[in-house]
Amino acid sequence: MKALTWQGQNDVRVQTVPDPAIQAPTDAIVRITSTAICGSDLHLYEVLGPFLDRGDVLGHEPMGVVEQVGSETGDLAVGDRVVVPFNISCGHCWMCERQLFAQCETTQNREMGCGASLFGYTKLYGQVPGGQAEYLRVPQAQFGPIKVPEGPPDERFLYLSDVLPTAWQAVEYADVPKGGSVVVFGLGPIGQMSARIARHHGYRVIGVDAVPERLAMARRHGAEIIDSSRVQDVTTTIRDLTDGRGTDSAIDAVGMEAHGSPVPQAAQRILGKLPDAVAAPLMSLAGVDRTAALVGCVDAVRRGGVVSLSGVYGGMADPLPMLKIFDKGIRLAMGQAHVKRWIPDLLPLVQDETDPLGVEDLETHALPLEEAAHGYDIFQRKAEGAIKVVLKP
């Protein structure tokens, strides 16, 4: 089959790789019809190379049609149209019983000190071949796949794999009071949907970014916007809009690749060029994240507020403004999305013909799988108006 493979820093290529096969009774094989490029994939593209091998198949936002099933996949059947969550969870372990699916003990990567396995996401999370491919082996298929109805386009359901549950969790974790306010730093796909979900809940939303297309999209869906390239100080601007206090909550939808952190950015680039045997231990011990968005959240949220982190971070010793966090009494909430936990809330919304979350207004580029490298390039550079790139195998 054809699949998008990692070949080195800023180097991904579509190659022919072996077809996936059933390896366990709980496996299924899904023929992929749509698969998206995630902001987290860009971390692999530029930063997390020390935890990848050349030829690893990337991608963790797929959907498609079930082609084969193992003998222990429950009611999953050949021909089912399904969305595949990015985290691989069993549904029955101690963590899953508590709906902490991203910490599933059945697929947990204890030797790496990490949680549940993820599709297409490094040795840290199981090195499971990903979904930017024509076919995908889905472990724990008795629980993971989300059945969706025939008829509506893939883009109505595709974002259930990651974007929507990650954004929903970000808003839930932000714990915005009724009628309160939240600022969203970073208006990529997660930030866009976080802003829309917060608006859906009736909150006042302020979005911060510097990319005109992202700002325009967020404004189109009801957010107040701040162009960080056009104001002298984002924090002051937010306080001016909120009676001098700041917002009740803040969401970091950026993560480790935030702009405005030149020293960590240089460290990331240097580590990316070192041999894996040297770089991986350094990344496991060092502070290598660009934390501008996180620090911005801490500055912008009011005293006693909540900062919710949905952006991925990879450093082990990142400097944080602990004095300010403590003095302001800020609560932090974070973690990989527990995808299946939020599907009961989300599925009715994406099936609603009125499209209350605007899921059909997120994709900016639909490309054949063969053009995946171009998709990564424009998404990484924020070029050609790229906000969400969907690949069609």
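The values are calculated or read from the model by the stated rules, or taken from the named source; none is laboratory data. Predicted, not measured: the structure shown is a model, and the values here were computed from it. As a convention, Cβ positions derive from the backbone with ideal geometry for all residues, glycine included, and neighbour counts pool all protein chains shown. Only protein heavy atoms, including side chains, enter the accessible area calculation; ligands, DNA and RNA are left aside. Shrake-Rupley method; radii C 1.70, N 1.55, O 1.52, S 1.80 Å.
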Within the stretch 216-247, tally of residues that are open to solvent by less than 10 Å² (accessible area, probe 1.4 Å) and assigned to a helix (DSSP H, G or I): 3
Can you name every residue in the stretch 167-185 that is farther than 11 Å from Ala250 by Cβ and open to solvent by less than 20 Å² (accessible area, probe 1.4 Å)? Ala167, Trp168, Gln169, Val171, Gly180
So which pairs qualify, if the first residue must be in the stretch 118-131 and aliphatic (A, V, I, L, M), the second must be open to solvent by 30 Å² or more (accessible area, probe 1.4 Å) and in a loop (DSSP other than H, G, I, E, B), the Cβ gap must be under 8 Å, and the two must be at least 6 apart or on different chains? Leu118/Gly126; Leu118/Gln336
Going by the structure shown, is Thr354 more than 26 Å from Gly202 (Cα to Cα) and among the polar types (S, T, N, Q)? no
Condition first: on the phi < 0 side of the Ramachandran plot and either surrounded by fewer than 12 Cβ atoms within 10 Å (Cβ to Cβ) or modelled with pLDDT under 90 (or both). Now tell me which residues in the stretch 322-335 satisfy that. Met322, Leu323, Phe326, Asp327
Residues in the stretch 88-130 that are at pLDDT below 95, assigned to a loop (DSSP other than H, G, I, E, B) and open to solvent by 10 Å² or more (accessible area, probe 1.4 Å) total 2
